[in-house]
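Below you'll find the structure, written out as structure tokens, and then a few comments.
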Amino acid sequence: MDGIGATHIDHIVIASNDSGAVAETFQRNLGLEIKRTMTRPGTGAQLAFAKLQEVVLEFAGPPEPKPGEEVKARLWGIVLAVRDIRAAVDRLRAFGCEVGDPKPAVQPGALIATVKSGTHGVPFALIQYEAISPATGAPA
Amino acid sequence: MLTKIHHVGIVVHSADEALKFYRDALGLPVTADRVVEDQGVRGVLLQIGNSEIELLEPTRDDTGVARFLASRGEGMHHICFESDDVAKELEAARQKGIELIDQAPRVGLAGMICFLHPRSNHGVLVEFATPIEGQHGH
């Protein structure tokens with residue numbers, strides 16, 4: 001395998017205290033189209049998504065913005081798409097990185113693993129689509 | 001029109017150390033590696049799909065990148081959108097009343113570039129770039 005078999009940046013996360021306001025600003029200032037919004041199951045986090053070619057911009061914020069609080073955002077993390085997440089995890093562990101076990105992602109059929117060390121300050125994760133059957137959770 | 005994410009910039013203490021992860025462990029190929037003297041940074045671009053990751057190492061202490069590193073540590077610094085006409089993007093931003101860092105496009109590692117002030121985007125530093133034909137990358 002060539003490296004971890006990364007194919008592209010899958011998404012870039014922009015964290016803020018008001019994801020709706022930040023997404024709206026990016027839409028107005030940069031002409032990005034917000035394609036989808038959702039509430040993350042479990043946490044209630046408010047998410048908005050824009051896409052440019054293969055890369056998704058994910059605007060993430062708390063369930064409810066605090067009224068009157070100044071809106072602040074920052075680039076937070078990167079998710080790379082890989083062909084074989086288990087092989088990618090094994091390779092990074094062999095390089096001494098601490099990597100979580102792959103687990104089902106929010107995206108149906110996808111597995112995601114968090115890289116917890118060695119990334120030079122960047123929250124980092126790997127994702128493989130069509131890794132498991134959405135119906136059974138078995139490897140695809 | 002912004003066509004894609006050209007790169008994301010990551011500020012690091014040492015590009016050589018960071019390359020052990022981004023080049024050696026991830027396996028991303030280096031497409032450019034040079035010092036931009038007037039910016040006081042060493043920039044290293046690594047290709048990933050249709051985009052790139054840019055490692056930024058300050059080469060002196062009196063630059064924005066060095067101040068970022070001193071105050072916030074290593075991490076994501078900016079996001080760069082590619083356009084086929086960076087001057088047009090800059091003018092459109094000016095017309096919208098967006099606060100600018102660069103009043104005119106200039107040469108950078110990614111081609112002709114300009115930065116918007118982070119105050120205009122709730123603290124996120126945004127760059128526009130039009131690659132120069134014949135230069136590396138996309």
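An oblate overall shape is assigned to segment B:1-100, the ratio a/c of its alpha-carbon gyration tensor axes (a ≥ b ≥ c) being 1.5 or greater and a/b not exceeding b/c. Round to the nearest 10 and give me the degree value, 0 to 90, for the angle of helix A:85-94's Cα axis relative to the longest principal axis of chain A. Between helix and principal axis, roughly 80 degrees.
Determine which residues of segment B:94-134 fall in the zone a paramagnetic label at A:K72 would reach in this model, i.e. backbone nitrogen under 18 Å from the point 7 Å along Cα→Cβ. Residues B:118-126 qualify, since their backbone N sits under 18 Å from the label point.
Annotation for A:R28 and A:R83: the two label points, set 7 Å from Cα along the Cα-Cβ direction, are 4.5 nm apart.
At a 1.4 Å probe, what is the % contribution of carbon and sulfur to the accessible area of chain A?
Values: 3500 of 6920 Å².
The C+S portion of the solvent-accessible surface of chain A is 51 percent.
Between A:V56, A:V71, A:V79, the residue with the greatest mean-square fluctuation in the GNM of chain A (Cα pairs under 10 Å linked by springs) is A:V71. Of the trypsin sites (Lys or Arg not before Pro) in segment B:17-64, the ones in a loop by DSSP (not H, G, I, E or B) with at most 16 other beta carbons within 10 Å are B:R60. Estimated purely from DSSP H runs of n ≥ 4, each contributing -39500 (n - 2.57), the mean residue ellipticity at 222 nm for chain A is -5000 deg cm²/dmol once divided by its residues. Centre-to-centre, using Cα atoms only, segment A:45-72 and segment B:62-86 are separated by 20 Å. How many lysine pairs in the protein assembly as shown, separated by 8 or more positions in sequence or lying on different chains, have Cα atoms less than 15 Å apart? Number of lysine pairs found: 4. Quick one: if the Förster radius is 41 Å, what FRET efficiency do B:A87 and A:R36 give, using the C-beta to C-beta distance and rounding to 0.05? The value I calculate is 0.80. Placing a label point 7 Å from the Cα of B:T59 along the Cα-to-Cβ line, the residues of segment B:93-132 whose backbone N sits under 18 Å from it are B:107-111. Can you give me the angle between helix A:19-30 and the longest principal axis of chain A, using Cα atoms only, in degrees from 0 to 90, rounded to the nearest 10? Tilt relative to chain A: about 80 degrees.
What is the protein assembly as shown by shape, rounded, prolate or oblate, if you read a ≥ b ≥ c off the alpha carbon gyration tensor as root eigenvalues and call it rounded for a/c under 1.5, prolate for a/b larger than b/c, and oblate otherwise? It would help to have the intermediate numbers written out before the result.
On the way: a/c = 1.65, a/b = 1.19, b/c = 1.39.
Since a/c reaches 1.5 but b/c is at least a/b, the shape of the protein assembly as shown is classed as oblate.
Calculate the mean, over all residues of peptide B:100-112, of how many other protein chain Cβ atoms lie within 10 angstrom of the residue's Cβ. Numbers along the way, then the final one.
Values: counts 0, 0, 0, 0, 0, 0, 0, 0, 0, 0, 0, 0, 0.
Taking the mean over all residues of the peptide, I get 0.
In deg cm²/dmol and to the nearest 500, what is the mean residue ellipticity at 222 nm of chain B if only DSSP H runs of at least 4 residues count, each as -39500 (n - 2.57), divided by the residue total? The partial results should precede the final answer.
On the way: 3 runs with 24 residues, N = 138.
Calculated mean residue ellipticity at 222 nm is -4500 deg cm²/dmol.
From the alpha carbon centroid of segment A:96-140 to that of segment A:1-25 is 14 Å. Contact order, relative form, for chain B: 26 percent (alpha carbon pairs under 8 Å, 6 or more residues apart, mean separation divided by residue count).
On association of chains A and B, roughly 3200 Å² of accessible area becomes buried (total for both chains; probe 1.4 Å).
From the Cα gyration tensor of segment A:4-140, with a ≥ b ≥ c the square roots of its eigenvalues, which class applies: rounded if a/c is under 1.5, or else prolate if a/b is larger than b/c, or else oblate? Could the numbers behind the result be given before it?
Details: a/c = 1.94, a/b = 1.67, b/c = 1.16.
Prolate, since a/c reaches 1.5 and a/b exceeds b/c.
The values are calculated or read from the model by the stated rules, or taken from the named source; none is laboratory data. Keep in mind it's a predicted model, so treat the numbers as computed, not measured. When we count neighbours, we look across all protein chains shown, and the Cβ atoms used for this are built from the backbone with ideal geometry, even at glycine. Note: accessible area is taken over every heavy atom of the protein model, side chains too, but ligands, DNA and RNA are not part of it. Shrake-Rupley method; radii C 1.70, N 1.55, O 1.52, S 1.80 Å.
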